[in-house]
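The values are calculated or read from the model by the stated rules, or taken from the named source; none is laboratory data. Since this is a predicted model, take the numbers as computed values, not measurements. Cβ sites come from the backbone with ideal geometry, for glycine too, and all protein chains shown count toward neighbours. To get the accessible areas, we keep the full protein, side chains included, count just its heavy atoms, and leave off ligands, DNA and RNA. Shrake-Rupley method; radii C 1.70, N 1.55, O 1.52, S 1.80 Å.
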Amino acid sequence: MQSYPLHAGYPFELLDGLWEFAFQENVLFREAVCPDLDFRDVTEVPSCFDLQSGYRGVRGTGFYRRRIRVHRGRIRLICKGFGFVLSAYWDGKKIGESNLTYSEVPFDFQSDEDGWHELVLAVSNLYDPDGAPLMHPFYDFYGYGGLYRSVELHQLPEYSVDRAEVRIVNAEEGRIRVRLRLSGEVPEHCTASFSFDGADVQERSLNPAAPELEFQLKDRRLWSPEQPHLHTVTVRTKHSSVTERFGLRTVGTEGRNLLLNGRKIRLKGICRHESHILFGVSLPPSLILEDVRLLKDLGCNFVRCVHYPQDSRFLDLCDELGILVWEETLGWGNPKEDFQNPAFAAAQKAQAHRLIEKSINHPSIVIWGFLNEGHSNEPETETLYRDLATIFRSADDGRLISYATMFPDTDRSLALADIISVNRYPGWYAADQDLPRPLKEIEAEMERLQNSLESRGFGNRPLLISEIGAGAIPGWHDTFRAHWSEEYQTDYIRESCRAILSRPEYLGLAVWHFSDCRTYASSRALGRPRSLNNKGVLDEYRRPKMAYEALKQIYSAEK
Ligand code: ADA
């Protein structure tokens, strides 16, 4: 199950499979010395090394080693997702490092000789505010270590076409702009052939300084959740080719409404971590597909992908099966101290650029997000919120911008957002802790929130509840229908959906959460029984709780 873009024309190798493995506890990648390592173990790529027996829950640096045969010349190594910090060594020489946890990162280098070479990838999962600024132990999801996603090796020709980014000029008319990413020694006069949907080949000459061209598609069809039609473009240069998939659709807002292809749409959504109790954040393809099937079965038309850049295979399936997506940079409740840390700000911005680059062609993605529940009520956070919004807006005018706030009444950056997105848990983290079953708080909070935002001048923007939910221990039933019972969770989800969907002022909601997932292994787990965030409508093995059926009924009935 390979994800788009697809490359051809030059030797390409997927480096997934068994690698030699060594581990140094409590050692940061910066301090580690590769040559002295004792590679006495093996591990699998992709996977989380801290989930395998012998290494469960460890913190330190994992070293992956394998030998690879290549020709002399330009090499690109692509790591599609890792945590937290990765450094790469080719024949003992460092070829790059990255602290962009969960991002897809390329390392370009030169191989000087034909034949066998040694590749070592060192991955640290130690919390370190300077070296690994995007991850923190207080995040409410487990910070796994390892090469979460595939590793690819591209033996590039003298010059190559690496990506073809498609921007929609006019969806109805099928007019698009294709911006190429070229690398290597691109000749001043060079041509490329473009073919759409495997046919309609057009030869064009390229300006290597600005390789951007406009096209008119012949057989155009719009993409929508009901009819997720997709197109492909294949671009060939002398020794390389890339195939990208895209869809024709528009997304915009009008007052409180979200418009898809000019038509009003409400969001029936759910939040989803990439997480499974057995695989951590490194999900096998069959499970990714199963998750997308479950989203469809639930009747969702929207998934909020939390809280980091996602596996492209999941996004490909959302494109194919017609689910609208919110994708965001890695963040969770970051305080102002993070915003004042230059390493954190730089990593956020770099990750935003990488996110756009990776995901630009997915028609399913309609919202770019960032900094979940950052302390957006503090003046010190304003600059980074603004900088991130600017990065997304200037790179892409075909999508909306939002971020999930927990400070809707005092937030200082709301004006940046096309959609006001608020995380709310009334009646779960109840205002009145002595009241049994405080479900009434939900309705009251939806009313209050809407009025508060109107009074602050945001009454004319779409309003989304980007999280709402309650925890349930799977299989625990209670005649009192108390907190943690499947009964309370079911009642809670019913009441949340009713209170939100019955109000035309709300764009919709993203229920928290899809499935139970591992979180704190520290004493913070006192509020997280089983060391899991238990607010899934599915348990950690994807077995349905009572709330699953309830949500399915509501979403299936809601047009
Ligand atoms: C927040 C946060 C989620 C999760 C949730 C909860 O809204 O964004 O990641 O931690 O709270 O379960 O309390």
Inset, instruction - Take ALA472 and decide whether it is of a type outside the set (Asp, Glu), touching a residue at least 60 places away in the same chain (Cβ under 8 Å) and touching a helix residue (DSSP H, G or I) at 6+ places or on another chain (Cβ under 9 Å). - result: yes
Inset, instruction - Read through the list (1) within 16 Å of the ligand (Cβ to nearest atom); (2) over 30 Å from ALA389 (Cα atoms); (3) crowded, with 21+ Cβ neighbours inside 10 Å, then give the number of the only condition that LEU509 fails. - result: (2)
Inset, instruction - Restrict the check to segment 388-395 and report whether at least one residue is touching a residue at least 60 places away in the same chain (Cβ under 8 Å), more than 16 Å from the ligand (Cβ to nearest atom), under 30 Å from LEU230 (Cβ atoms) and of a type in the set (Lys, Arg). - result: no
Inset, instruction - List every residue pair whose Cβ atoms sit under 6 Å apart, with the two residues 6 or more apart in sequence or on different chains, where the first one lies in segment 428-451 and is part of a helix (DSSP H, G or I) and the second, anywhere, is more than 16 Å from the ligand (Cβ to nearest atom). - result: ILE442/GLU495; ILE442/ALA499; GLU443/ALA499; MET446/ALA499; GLN450/GLU505
Inset, instruction - For TYR89, state whether it is within 16 Å of the ligand (Cβ to nearest atom) and either modelled with pLDDT of 95 or more or more than 30 Å from HIS513 (Cα to Cα) (or both). - result: no
Inset, instruction - Keeping to segment 355-380, report how many residues are surrounded by fewer than 23 Cβ atoms within 10 Å (Cβ to Cβ) and within 16 Å of the ligand (Cβ to nearest atom). - result: 3
Legend entry - Evaluation of LYS268 against (1) part of a strand (DSSP E or B); (2) farther than 30 Å from LEU206 by Cβ; (3) out of contact with any Asp or Glu (no Cβ under 7 Å at 6 or more places or on another chain); (4) open to solvent by 10 Å² or more (accessible area, probe 1.4 Å) (one fails), failing number: (3)
Legend entry - Meets criteria (of a type in the set (Ser, Thr, Tyr) and either under 23 Å from the mean Cα position of the chain (by Cα) or more than 14 Å from the ligand (Cβ to nearest atom) (or both)) for TYR429: no
Inset, instruction - Among the residues of segment 83-114, write down those that are part of a loop (DSSP other than H, G, I, E, B) and over 30 Å from GLY331 (Cβ atoms). - result: ASP91, GLY92, ASP112, GLU113, ASP114
Inset, instruction - Within segment 152-211, work out how many residues are of a type in the set (S, T, N, Q), under 30 Å from ASN261 (Cβ atoms) and surrounded by fewer than 16 Cβ atoms within 10 Å (Cβ to Cβ). - result: 2
Inset, instruction - Would you confirm whether any residue within segment 417-425 is open to solvent by 10 Å² or more (accessible area, probe 1.4 Å) and within 16 Å of the ligand (Cβ to nearest atom)? - result: yes
Inset, instruction - Mind telling me which of the residues ASP491, ASP478 ends up being acidic (Asp, Glu), more than 16 Å from the ligand (Cβ to nearest atom) and surrounded by fewer than 16 Cβ atoms within 10 Å (Cβ to Cβ)? - result: ASP478
